[in-house]
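> Before anything else, here's the structure in question.
The values are calculated or read from the model by the stated rules, or taken from the named source; none is laboratory data. Owing to the predicted nature of the structure, the values given are computational and were not obtained by experimental measurement. Quick reminder, even Gly has a Cβ in these numbers, built from the backbone with ideal geometry, and neighbours come from all protein chains shown. Areas reflect the complete protein model, heavy atoms only, side chains present, ligands, DNA and RNA absent. Shrake-Rupley method; radii C 1.70, N 1.55, O 1.52, S 1.80 Å.
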Amino acid sequence: MLEKGGGKARIAVLVSGGGTNLQALIDAEKSGIIRSGEIVLVISNKAGAYALERAAKAGIKAETVLLKEAGTQEAFEERILKLLDENSIDLIVMAGFMSILSGSFTNRYPDRIINIHPSLIPSFCGKGFYGLHVHEAALEYGVKVTGATVHFVNEIPDGGRIIKQKAVEVMDGDTPEVLQKRVMEQAEWIILPEATEEICAEIVRGK
Ligand code: GRF
């Protein structure tokens, strides 16, 4: 938790893969876009995720919590909660994190867990809509505009209150990979740092 008299909100970033959104957050802290918070912990549920390399390069403490080592989803979530508690985390940012957290987890941090989803919720979201599948569905449907959404996380996959969205044009001939990259570059990597700063500023004001 924040030390007396302000200070910065302590951010934990949950990752599973390449960590491009983590990198956007790291860069945003360096450039001053994120100034009311500091990333103090990265937690991956996948050993060897490249996101862990990014954390190491940035000198950020990183931990790996594996479901198969924990045994059950409950024990897995307890291990994550323990790390969050030990590091006095104020805000949890899910950035490419591929595990659905239970209501008992999300209820421990009301309005303090956010997620980046690569579509304009409520389109192409919910169970099964993650990573490339989201862009495949958008192209399949034939939408002309897609984008990204930052939302609060509750027990419903992609169901929490929307915080920020940014639209991205779908171009003729787009493949899912090309569209994913455009959505990342033009939307995800912009609105996730912006939303993170806004919420950290609120947390700091509220302390
Ligand atoms: C991205 O499509 C992001 O929208 C989703 O996970 C994917 C990988 O993100 N949440 P990252 O490169 O690991 O940040």
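> Exactly one of these conditions fails for R161: (1) under 25 Å from Q23 (Cα atoms); (2) modelled with pLDDT of 95 or more; (3) out of contact with any Phe, Trp or Tyr (no Cβ under 6 Å at 6 or more places or on another chain); (4) more than 11 Å from the ligand (Cβ to nearest atom). Give me its number.
It fails just one condition, (3).
> Among helices (runs of 4 or more DSSP H) lying entirely in the range 1-103, which contain 1 or more residues that are within 16 Å of the ligand (Cβ to nearest atom) and either surrounded by fewer than 18 Cβ atoms within 10 Å (Cβ to Cβ) or touching a residue at least 40 places away in the same chain (Cβ under 8 Å) (or both)? Reasoning before the result, please.
Values: elements: 20-31, 50-57, 67-70, 73-86.
It comes to 20-31, 50-57.
> Go through the residues of the range 145-156 one by one and say whether even a single one is among the aliphatic types (A, V, I, L, M) and at pLDDT below 95. Before you say what the answer is, go through the steps one by one.
We begin by selecting, within the range 145-156, every residue among the aliphatic types (A, V, I, L, M); these are 145, 148, 150, 153, 156.
Still in the running and at pLDDT below 95: 156.
Yes, the conditions are met somewhere in the range 145-156.
> Restricting the first residue to the range 177-190 and requiring it to be within 16 Å of Y130 (Cβ to Cβ), which pairs with a second residue that is part of a helix (DSSP H, G or I) and among the β-branched types (V, I, T) meet a Cβ separation below 9 Å and a spacing of at least six or different chains?
What qualifies is Q180/V134; V183/V134; M184/T20; E188/T20.
> Moving to a separate point now. Evaluate the range 188-195: report whether one residue or more is open to solvent by 50 Å² or more (accessible area, probe 1.4 Å), among the hydrophobic types (A, V, I, L, M, F, W, C) and either within 13 Å of the chain's Cα centre (by Cα) or away from the ligand (no atom under 14 Å from the Cβ) (or both).
Of the residues in the range 188-195, the ones open to solvent by 50 Å² or more (accessible area, probe 1.4 Å) are 189-190, 194.
From the residues that got through so far, the ones that are among the hydrophobic types (A, V, I, L, M, F, W, C) too are 189-190.
Remaining after also requiring either within 13 Å of the chain's Cα centre (by Cα) or away from the ligand (no atom under 14 Å from the Cβ) (or both): 189-190.
Within the range 188-195 (the criterion being open to solvent by 50 Å² or more (accessible area, probe 1.4 Å), among the hydrophobic types (A, V, I, L, M, F, W, C) and either within 13 Å of the chain's Cα centre (by Cα) or away from the ligand (no atom under 14 Å from the Cβ) (or both)), the answer is yes, since at least one residue qualifies.
> Name the residues in the range 159-173 that are of a type in the set (D, E) and closer than 17 Å to M184 by Cβ, would you? Show your work before the answer.
Taking the range 159-173 first, the residues of a type in the set (D, E) are 169, 172.
Hit for the range 159-173 is E169, nothing else.
> Considering (1) more than 15 Å from the chain's Cα centre (by Cα); (2) more than 23 Å from M98 (Cα to Cα); (3) in a helix (DSSP H, G or I), say which one C200 fails and leave the rest.
All conditions are met except number (1).
> For the range 164-180, which positions are within 14 Å of the ligand (Cβ to nearest atom) and either surrounded by 12 or more Cβ atoms within 10 Å (Cβ to Cβ) or not in a helix (DSSP H, G or I) (or both)?
Step one: filter the range 164-180 for residues within 14 Å of the ligand (Cβ to nearest atom), giving 164-166, 168, 176-180.
Within the range 164-180, K164, Q165, K166, V168, P176, V178, L179, Q180 qualify.
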